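K.L.:
Just passing along the structure, written as structure tokens.
The values are calculated or read from the model by the stated rules, or taken from the named source; none is laboratory data. All values derive from a computational prediction rather than experimental measurement. Glycine gets a Cβ as well: all are built from the backbone with ideal geometry, and neighbour counts include every protein chain shown. Protein only, heavy atoms only, side chains kept; ligands, DNA and RNA dropped before computing areas. Shrake-Rupley method; radii C 1.70, N 1.55, O 1.52, S 1.80 Å.
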Amino acid sequence: VDLFFNCVPNMCLYKLKRQLEAAWMESPVICVQLIINIGSMRKGGKMDRRNFYHACKWLWKKSPETLIMNLKLLGEHSCWGAVCDLVMFITHEEMGEKGVWESFEKDNVLYELYK
């Protein structure tokens with residue numbers, strides 16, 4: 001429950017990871033539901049792309065099979081482009097290319113300046 005209320009745009013990634021760990025310890029199922037809600041563009045979702053990507057990246061490191069099994073839900077509640085972006089981020093990170101995440105962060109800053 002803390003993850004739902006405390007996850008706000010541009011929150012410290014350390015705090016996000018702590019909230020994710022606590023939610024996972026309490027209930028992995030609810031934790032995944034909350035991650036989906038963070039990125040959800042549907043009614044009641046937070047539409048927080050940055051935290052959604054970081055939460056999915058955390059889930060990939062914590063339980064890759066859980067992320068893979070829920071890709072369909074991620075696409076249905078967010079968008080399929082977000083799923084493609086996520087796969088790209090994970091793939092490039094696994095290959096040791098950190099520039100992809102830096103580019104994503106730069107895009108977020110530019111988006112906030114010009115929205």
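K.L.:
Can you tally the net charge around residue 23? Count Lys and Arg as +1, Asp and Glu as -1, for every other residue whose Cβ sits under 12 Å from the Cβ of residue 23.
P.N.:
Counting the neighbours of residue 23, the net charge comes to 0.
K.L.:
Which order do 43, 57, 15 take by accessible area at a 1.4 Å probe, largest first?
P.N.:
The most accessible residue leads, giving 43, 15, 57.
K.L.:
Between beta-carbons, use under 12 Å as the cut-off and find the net charge around residue 77, counting Lys and Arg +1, Asp and Glu -1.
P.N.:
Every neighbour counted, the sum reads +3.
K.L.:
Hey, another quick one. Sorted by accessible area (1.4 Å probe), largest first, how do 2, 48, 85 line up?
P.N.:
So the residues, ranked largest to smallest area, are 2, 85, 48.
K.L.:
So how much accessible area does residue 79 have, in Å² to the nearest 10, using a 1.4 Å probe?
P.N.:
Taking all protein chains as shown, residue 79 has close to 50 Å².
K.L.:
Of 4, 89, which has the most accessible area with a 1.4 Å probe, and how do the rest follow in descending order?
P.N.:
Descending accessible area places them as 4, 89.
K.L.:
Return the distance in nm (one decimal) between the two label points of a simple spin-label model at residue 30 and residue 15, each offset 7 Å from Cα along Cα→Cβ.
P.N.:
My value for the distance between the label points is 2.1 nm.
K.L.:
From the Cα gyration tensor of the stretch 1-65, with a ≥ b ≥ c the square roots of its eigenvalues, which class applies: rounded if a/c is under 1.5, or else prolate if a/b is larger than b/c, or else oblate?
P.N.:
The shape class here is rounded.
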